[in-house]
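Working notes, beginning with the structure itself.
The values are calculated or read from the model by the stated rules, or taken from the named source; none is laboratory data. Please read these numbers as outputs of a predicted model, since none were measured by experiment. For neighbour counting, all protein chains shown are included, and Cβ atoms are generated from backbone atoms with ideal geometry for every residue, glycine included.
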Amino acid sequence: MIKLDALTKRFGRTAAVDALTIDIPEGDICVLIGPSGCGKTTTMRMINRMIEPDAGRIEVGGRDVTHIDAVELRRSVGYVIQQVGLFPHMSIAENVATVPRLLGWDTARIEGRIDELLELVGLDPAQFRTRYPRELSGGQKQRVGVARALAADPPVMLMDEPFGAIDPITRAKLQDEFLSILRRLRKTIVFVTHDIDEAIKMGNRIAILRSGRLVQYDTPEAILARPADGFVEEFVGADRALKRLSLLMVADHLDDEPVSPSAAKLSTHASLHHALSLLLTSGADHAAVVDDAGAVRGRVTLERIKAAATAH
Amino acid sequence: MAMLQQAWLYILNNPLQFAKAAGVHVSLSVCALSIAAALAIPAAVWLTRRGGAVALAGINAANIGRTLPSLAVLALVMPVLGTGFAPSLFALTLLALPPILINAYTGLREVDVDVIDSARGMGMTMGEILRKIELPIALPVIFAGLRTAAVQVVSGAVLAAFIGGGGLGDYITAGIAMMSMHLLLVGAVPVTLLSIGADALFAALQKRLTPKGLQAT
């Protein structure tokens, strides 16, 4: 869906982005991550030509974006930034209607779309339509920001640290909600963050950048299991084994041995990280795994968790 | 009180003459303000686009212009343009430019860069960003500049009398020359009222045109 080919951008003598090649399949959430100054935001902003590249190609949906009108391109790509940038003089409804209005949709269609989107992002249209940005909390503003970006149903979304300015509790909630919305809508997303935990949570694939170069591009599981070099290993953190366990589900690591009646119970939807924590607190060597109906599906053991954590 | 009464009687006895003076005063003010706004607001937009040393020079020039006494501006204009309505209009326009330019520039510059970035990112053209985002957000500050300029121009127009521009200033200068207090009041009181009226008018316009989302609660 998005292809970056030897993409390069220089600011003065230094290359902010240096011959970057990344292929993002349709429906993927690709997280660009790295220390500040690694070129992640510059890369993202070249995709909708907020910054013009010096060399290389960018394809979005099979079209070379350097050959189409920048304004037309931006109307077809969702854009969400950390500071949200809601228009303070417009109501929430008018903010959400921005791109449909630019595209010349008729009023009835726009009005219907505003309600649909506000409901999608968990804001009651009756209550929020006529409000103004300054009356909203940070989390509510970013909900509107995402609704506004989704308004014309763009296949591709660019999100630059969308949860960066939000308190941790609200952030976790928004991450969960938006992850499920964006997956359901099958949007192809380029997501910029500097938070590795957010990257692991949100991404199907993570691209780790350093000084404008791609160091590793892989699934979160693979990056945690096999960091490409010392830089990645340090970047993902010393607790990478534990982070990796949080991506693995107990349902995939069951054994069929008999379950002791006193064993603690775990849902099939739990992660191995959760299972390990439970086993450590209960002091047992295994826990019973039960499905939604309450039936025992098998057991998860310390041995299995250890094997999963070290499997390469 | 007796003096005010005399002044009032003078107006009643010379209605056409008074109406003409007031008319000249108002049209001088309105024309000067309109021309100044038509020049200064586009100039402010251009300066924000241009930025850098040029913008700095423009704003500094406007700030210097702001410190010039009104009388000095009129005095400077007379040797070059002579006397009458046109030179007075020119001088008053010059007087009105700085506050409008400075406020419009400041108002446009104060628009949050993230708001402009998101507008660009959603596919607004530069013209759309100016019309739909920057000008509406800067409107209250732009109107504050117009308000300052309006009050300055209405009171400054009194001085047009010195260079034969006419207006209510004629009564004031004549009143001073003839030591006639009531004649002085025939000019001074209406000018004061006009000035207060202009201030109130622009305050009301500013309030009315400020987008709801930007109004103080």
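Scan (1) part of a helix (DSSP H, G or I); (2) within 13 Å of chain B (Cβ to nearest Cβ); (3) farther than 29 Å from A:Ser36 by Cα for the single condition A:Gln142 breaks and write down its number.
Just one mismatch for A:Gln142, condition (3).
Can you name the helices (runs of 4 or more DSSP H) wholly within segment B:100-192 that have at least 2 residues being touching a residue at least 24 places away in the same chain (Cβ under 8 Å)? Spell out how you get there, then give the answer.
Values: elements: B:113-121, B:135-156, B:169-177.
Filter on segment B:100-192 gives B:135-156, B:169-177.
Could you list, in sequence order, the residues of segment A:167-199 that are assigned to a loop (DSSP other than H, G, I, E, B) and surrounded by fewer than 20 Cβ atoms within 10 Å (Cβ to Cβ)?
Quick first cut of segment A:167-199, residues assigned to a loop (DSSP other than H, G, I, E, B) only: A:167, A:185-187, A:194-195.
Hits for segment A:167-199 are A:Asp167, A:Leu185, A:Arg186, A:His194, A:Asp195.
Got a number for residues in segment A:130-145 being farther than 22 Å from B:Met124 by Cα and of a type outside the set (Asp, Glu)? Break it down into steps so the answer makes sense when it comes.
Filtering segment A:130-145 for residues farther than 22 Å from B:Met124 by Cα gives A:130-131, A:134-140.
Imposing the further condition that a residue be of a type outside the set (Asp, Glu) reduces the set to A:130-131, A:134, A:136-140.
Residues that pass the stated criteria total 8.
Which numbered condition trips up A:Tyr132, out of (1) within 12 Å of another protein chain (Cβ to nearest Cβ); (2) in contact with a helix residue (DSSP H, G or I) (Cβ under 7 Å, 6 or more places away or on another chain); (3) surrounded by fewer than 20 Cβ atoms within 10 Å (Cβ to Cβ)?
The single condition A:Tyr132 does not satisfy is (3).
When residues of segment A:58-91 are filtered for being over 24 Å from the mean Cα position of the chain (by Cα) and surrounded by 15 or more Cβ atoms within 10 Å (Cβ to Cβ), how many remain?
Of the residues in that region, 8 qualify.
Tell me yes or no: at least one residue of segment A:221-237 is under 26 Å from A:Thr41 (Cα atoms), out of contact with any Cys (no Cβ under 9 Å at 6 or more places or on another chain) and modelled with pLDDT under 85.
yes
Could you please find all residues in segment A:248-265 being among the charged types (D, E, K, R) and free of Cβ contacts under 8 Å to residues at least 40 places away in the same chain?
Narrowing segment A:248-265 to residues among the charged types (D, E, K, R): A:252, A:255-257, A:265.
Selection gives A:Asp252, A:Lys265.
Of A:Asp54, A:Asp64, A:Asp69, which residue is of a type in the set (Asp, Glu), out of contact with any Asp or Glu (no Cβ under 6 Å at 6 or more places or on another chain) and in contact (Cβ under 8 Å) with a residue 40 or more places away in the chain? Steps first, please.
On the way: A:Asp64 fails: in contact (Cβ under 8 Å) with a residue 40 or more places away in the chain; A:Asp69 fails: in contact (Cβ under 8 Å) with a residue 40 or more places away in the chain.
Of A:Asp54, A:Asp64, A:Asp69, the one residue that is of a type in the set (Asp, Glu), out of contact with any Asp or Glu (no Cβ under 6 Å at 6 or more places or on another chain) and in contact (Cβ under 8 Å) with a residue 40 or more places away in the chain is A:Asp54.
Quick one: B:Ala160 ticks every box in (1) away from chain A (no Cβ under 14 Å); (2) more than 21 Å from the chain's Cα centre (by Cα); (3) among the small types (Gly, Ala, Ser) bar one, so which box is it?
Exception for B:Ala160: condition (2).
Among the residues of segment A:231-247, count how many are over 25 Å from A:Thr268 (Cβ atoms) and either touching a residue at least 24 places away in the same chain (Cβ under 8 Å) or touching a Phe, Trp or Tyr at 6+ places or on another chain (Cβ under 8 Å) (or both).
4
Among (1) of a type in the set (Lys, Arg); (2) farther than 30 Å from A:Val60 by Cβ; (3) buried (at least 17 other Cβ atoms within 10 Å of the Cβ), there is one condition A:Lys306 misses while meeting the rest; what is its number?
(3)
Which count do you get for residues in segment A:79-122 that are free of Cβ contacts under 8 Å to residues at least 60 places away in the same chain, closer than 28 Å to A:Met46 by Cβ and β-branched (Val, Ile, Thr)?
The number of residues fulfilling the criteria is 3.
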